[in-house]
Structures are given as C-alpha cells and as structure tokens.
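Data block below; observations after.
The values are calculated or read from the model by the stated rules, or taken from the named source; none is laboratory data. Computed from a prediction, not measured in an experiment: that's the story for all the values here. For neighbour counting, all protein chains shown are included, and Cβ atoms are generated from backbone atoms with ideal geometry for every residue, glycine included.
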Amino acid sequence: MCVVATDRNELKAWYSNLGAKLDLKAVAAPGGAGLVSCDDDIWSVVPRGSGAAGCGQSDYDALAGTSMAAPQVAGVAALLFAQGRSLDNVYSVLMSTARTPAGVLRGVYTPAYGWGIVDAGAAVAAPRA
C-alpha cells in the first residue's frame, strides 16, 4: 500500500509523491508540512534531550514525511487485523472508508490522495466481509 502525506490543512504535502496509479492501493494520512513551524508537523518521541529545542521540547521533535504518515495507516490496518479481517478485506476497508479532504466523499480515487485520507473510526466500524 502506498501512503501520501498530507499537511494540517489536509492538502497533499509538498514533499509527498502522488497516488497517481489506480492499481497502487494508495491512501493518505497526516504527515506534516515540512516547513518552518513546529506546529505544522507531527510530534514524535526522540531520544531524551535531543528534541526540538527551538520548539521548547527536549524529548519530542516535530517531524514531517511519509515516514510520519505511514505509521498512522499501519495502525489503522492493525486495528482491522485485530478484528479478524483478511488482508484483502483490510485493503478494501482502508480504501473504501478513506475520505476526501473535508470529508465530502468516501472511497473516491483521486491522483493526489489515492483513495483518500484514512479514517480510523469509519474503518473499524465498517462491516466485515
């Protein structure tokens, strides 16, 4: 599964690739903006004392990237597997319950977001196949 990163405004992050091919099973998740402001990125635990001093933190850092977005998708997938779902069903549910920015549509493919932004609540509530 491919993961597109979004910023805090649910726009595709400037550094992220596109989910350009329909057969890639691409979805999106928050990955941070990758800009100057600490609050535009994803906070992550780092080794004690090596955090973002400029942001007033010593044990956390504001990071951005698909490396911050992919674990969110993996976490939702883990919740689905914990429900006893098959791999094919997990893929299907992640894509069909993902939403476009602002939550207007679900399971609609776009080249910028793939099947949409992963929605954990909708995914775990989806009927089991």
Filter segment 1-49 for residues that are polar (S, T, N, Q) and either within 11 Å of the chain's Cα centre (by Cα) or closer than 22 Å to D61 by Cβ (or both) and give the result. T6, N9, S16, S37, S44
Scanning segment 107-129 residue by residue, the ones that are over 16 Å from C2 (Cα atoms) and more than 15 Å from the chain's Cα centre (by Cα) total 6
Touching a helix residue (DSSP H, G or I) at 6+ places or on another chain (Cβ under 7 Å), crowded, with 16+ Cβ neighbours inside 10 Å, modelled with pLDDT of 90 or more and of a type outside the set (D, E), is that true of A26? no
Could you count how many residues in segment 38-60 are part of a loop (DSSP other than H, G, I, E, B) and in contact (Cβ under 8 Å) with a residue 24 or more places away in the chain? 1
Answer with yes or no whether V45 is within 24 Å of L22 (Cα to Cα) and β-branched (V, I, T). no
Odd one out for G19, checked against (1) closer than 23 Å to M95 by Cβ; (2) at pLDDT below 85; (3) not in a loop (DSSP other than H, G, I, E, B); (4) not polar (S, T, N, Q): (3)
For G32, state whether it is of a type outside the set (S, T, N, Q), assigned to a helix (DSSP H, G or I) and free of Cβ contacts under 8 Å to residues at least 40 places away in the same chain. no
Please name all residue pairs, on different chains or six or more residues apart, with Cβ atoms under 9 Å, provided the first residue is in segment 103-129 and is in a loop (DSSP other than H, G, I, E, B) and the second residue is of a type in the set (D, E). Y113/E10; A129/D88
Suppose we filter segment 72-115 for residues that are β-branched (V, I, T) and surrounded by 20 or more Cβ atoms within 10 Å (Cβ to Cβ); how many remain? 4
Using beta carbons and a limit of 6 Å, which pairs, at least six apart or on different chains, have the first residue in segment 10-21 and farther than 18 Å from D41 by Cβ and the second one crowded, with 21+ Cβ neighbours inside 10 Å and at pLDDT 75 or above? G19/V4; G19/A26; G19/G114
Is at least one residue of segment 58-69 touching a strand residue (DSSP E or B) at 6+ places or on another chain (Cβ under 8 Å), over 19 Å from Y15 (Cα atoms) and surrounded by fewer than 20 Cβ atoms within 10 Å (Cβ to Cβ)? yes
